[in-house]
Structure formats: C-alpha cells, structure tokens
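Structure first, then comments.
The values are calculated or read from the model by the stated rules, or taken from the named source; none is laboratory data. Keep in mind that what you see is a predicted model, and the values were worked out from it rather than measured. Neighbour counts are summed over all protein chains in view; Cβ atoms, including those assigned to glycine, are modelled from backbone coordinates with ideal geometry. To get the accessible areas, we keep the full protein, side chains included, count just its heavy atoms, and leave off ligands, DNA and RNA. Shrake-Rupley method; radii C 1.70, N 1.55, O 1.52, S 1.80 Å.
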Amino acid sequence: EAQVTQNPRYLITVTGKKLTVTCSQNMNHEYMSWYRQDPGLGLRQIYYSMNVEVTDKGDVPEGYKVSRKEKRNFPLILESPSPNQTSLYFCASSLSRGIGETQYFGPGTRLLVL
Amino acid sequence: GIQVEQSPPDLILQEGANSTLRCNFSDSVNNLQWFHQNPWGQLINLFYIPSGTKQNGRLSATTVATERYSLLYISSSQTTDSGVYFCAVKAGTALIFGKGTTLSVSS
C-alpha cells in the first residue's frame, strides 16, 4: 500500500531533550516536506527536500533540522525542543516539486514539550 | 503571498443534509487540493482539482480558476463526514492552507 508513515505518533518530552520524528514514504517520491499545524494558524511548512541531499527552509524553520540521506526517509530533528514547538506535525511527499503534483500526508505526530 | 480563505468556518448538519464549502484564493493558481482532517487528526486527500469538476461518491468539487474560487459539495452527509475540511493551493514549494471549515454531522 502506498503510504507515508511517521513515528512516533504521540510524544511527550521535556524542554531541551533532543528528539527525532521519522518520516518514510514507499512511493519513490522525490519531494518531501514537513508541516506543523497549530490552532488558528493552520498548517505551515517547516522544511522541504527536493531530492537526496537537497533540503531547504520553509516558512517556520527555526528550532528544527532535517536530513535526506535516502530518498524514502526525511527525519525531522528537534535539537533542543521548547514548549512553543508543541504542535501536530505532518510529513508529506509528492512525486516531484511540480505545480501539478498531489501531495500525500502522513498520519501526523502529536508532540507535547513540557 | 497567496491568501486562502474558507467559508463558513463552522457548519453543523443533521445526517442526510447537503452542504457546500467554499474556498477563495487571492491569486491565479494551477494546483488546488481539498483535504479532510478526521477527528483523529489524519489528513486525507479528497481532490486534486486545479480547474473543472470532479466527483467521488457523495463528494464533488468544482474549481473556477478564472474567478479564484473552489467549492466542495457534500451530499447526504453522514456522521463520518465530521472533521475539518481544508483547501490548499501550491505556492512555490509549499502548500498554502486555508483555516478550514469544521463540519459536525449529528445523527
């Protein structure tokens, strides 16, 4: 089944404790990205990657890192999480970055930073 | 940047009713998608519809790109239709989402 998977789905952590949220897709998609969803602000893009070893900042990249060592995986790293990073996170992928491409979203990761 | 506005913000329906959700966007686009976020938070692709009309079961969507709006029709609503409906347009490398319409369908 074609899908985007994220792990963990739920995470409670404390300020400053490094964490990684994994994202994997099995559709051989070139383009992957991360979004965060916050009440009243909707979904905003954090980082994106157009292919292996090619990443760039989205609208709200502060406090996050990403890497793209393999085509299928695009982990999101919070080196020193803070309470304002409490949010619902989505990974997405599409075949390419083209305008006409449909983006497919993972199931989401709910993060609470205490 | 592109602005995406959805209306109404909230909608309460009885099971079996029909509804129309609207998405207005501020600039020309050639990529528009509708999503349903279920009560568990999962985002589900409904339609990729930069122009024209598409139908999938009880749902259909129409985009009039020249007039910068899209409509999502839900017919014979069911309780499982509850959740938040988002439209999103492509701007550069990101999808720009509207704030969504929260739909509650009661039996």
Item to check | Surface per residue (accessible, 1.4 Å probe) for chain B, Å² | outcome: 46 Å²
Checklist outcome for this item: Once both label points are put 7 Å beyond Cα along the C-beta direction, the B:I44-A:N84 separation in nm becomes 3.6 nm
Next on the checklist: Need the per-residue list for the stretch A:30-50: every residue with at least 50 Å² less accessible surface in the complex of protein chains than in the chain by itself, probe 1.4 Å, sorted by number.
Outcome noted: A:L43
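Just checking the output field for B:88-96: average partner chain Cβ neighbours within 10 Å of each residue's Cβ?
Working: counts 3, 1, 7, 2, 5, 10, 11, 9, 5.
Taking all residues of B:88-96 together, the mean is 6.
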Checklist entry - What aspartates and glutamates sit close enough to A:K17 to cross-link, taking a C-alpha to C-alpha distance under 14 Å and skipping anything fewer than 8 places away on the same chain? => result A:E79
Item to check | Share of carbon and sulfur in the accessible heavy-atom surface of the protein assembly as shown [1.4 Å probe, %] | outcome: 50 percent
Next on the checklist: Cut-off under 25 Å on the C-alpha distance; same-chain residues fewer than 8 positions from A:K71 excluded. Which lysines are left, in chain and number order?
Outcome noted: A:K18, A:K57, B:K90
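What do the square roots of 5 times the Cα gyration tensor eigenvalues come to for the stretch A:24-114, in whole Å, largest first, as semi-axes of the equivalent ellipsoid? Could you put the intermediate results ahead of the total?
Values: eigenvalues 96, 40, 26 Å².
Listed largest to smallest, the semi-axes of the stretch A:24-114 are 22, 14, 11 Å.
Rounded to the nearest whole Å², what accessible area per residue is found for the stretch A:37-114 with the 1.4 Å probe?
Values: 3540 Å² over 78 residues.
Each residue of the stretch A:37-114 exposes 45 Å² on average to a 1.4 Å probe.
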Item to check | Residues listed by number, the stretch A:41-73, amide nitrogen under 14 Å from A:S96 label point at 7 Å toward C-beta | outcome: A:50-51
Checklist outcome for this item: Under 5 Å from the placed amide H of B:I49, counting only residues 5+ away or on other chains, we find B:L32, B:Q33, B:W34
Item to check | Dipole of the protein assembly as shown, positive end: most advanced residue of B:Q42, A:G106, A:N7 [Cβ charges, Cα centre] | outcome: A:N7
Next on the checklist: With a cut-off of 8 Å between alpha carbons and a minimum separation of six or more residues, what is the relative contact order of chain B in percent?
Outcome noted: 37 percent
Checklist entry - Cα extents of the stretch A:1-62 along the three principal axes, largest first, in whole Å? => result 34, 25, 24
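Between chains A and B, what is the buried accessible area summed over both chains (1.4 Å probe, protein heavy atoms, nearest 100 Å²)? Display every interim value, and only then the final one.
On the way: alone 6290 and 5800 Å², together 10310 Å².
By this definition, chains A and B bury close to 1800 Å².
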Checklist outcome for this item: Rounded to whole angstroms and listed largest first, the alpha-carbon spread of chain B along its three principal axes comes to 41, 25, 20
